Amino acid sequence: MKYAKLLRTACLAAALVCGAAVGNAKNGVVPKMYMFGFAASFSDSIVHFTDVQELKDVWIDTKTNFLLGRDSYSYQLRDYLAGKNMGHRTCVVVFNKSRKKLEKELQKMKELYGPAKDGKQYYDVRHLSPSDFSFKTISFQVEESDEAPAAGETAKQEPKKAAQ
């Protein structure tokens, strides 16, 4: 039962974290987005939840309304936990434009890892407050260069990731 929940969490993580923006979809900035993080491991029963946090000026794929750089946001949480000797965690970020909807989702996830029907607590649920960990906004702006491309190079520009 415990491993079934962890497997379900891993599948959710893979679905949310994998994949980049669609090739010809347009990207845009949303003034604010809400996000929380979740981390679990297959080698122990410790799970971590962050609070719902507000991020300003985040980039989304306007066609699908998916957050760009989801993997980078989950890596922020993973790196923080690795620095606290909690390595090898599967980290997931869940996001929404509506804080109320996201808080409902957070509550549902916390209930999954709360006490079981038999009253036993199978998971050690740990809370990360914003003073402990907070997500940093990632920018996907295209920087324009005044320099001409060198011989044999193309003028193709790649979006640059830069933490603000």
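What the table below lists for this structure:
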read-out	value
Cα-centre dipole for the range 29-107 with unit charges at Cβ (Lys and Arg positive, Asp and Glu negative), debye to 20	240
Spacing of the two label points (7 Å from each Cα toward its C-beta) at His88 and Asp132, in nm	2.1
Which listed pairs, of Lys26/Lys56; Lys32/Lys104; Lys84/Lys117; Lys63/Lys108; Lys63/Lys97; Lys56/Lys84, have C-alpha distances above 23 Å, in listed order	Lys84/Lys117; Lys63/Lys108; Lys56/Lys84
Theoretical gain in end-to-end length, Phe66 to Asn27 [0.36 nm per residue, Cα-Cα removed]	13.1 nm
Cα-projected label distance for Asp57 with Glu103, points at 7 Å along beta-carbon direction, nm	2.7
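Each reported figure results from applying straightforward, stated rules to the coordinates on display, with no laboratory input. As the structure is a prediction and not an experimental result, all values here were calculated from the model. Glycine also receives a Cβ, built like all others from the backbone with ideal geometry; neighbour counts cover every protein chain displayed.
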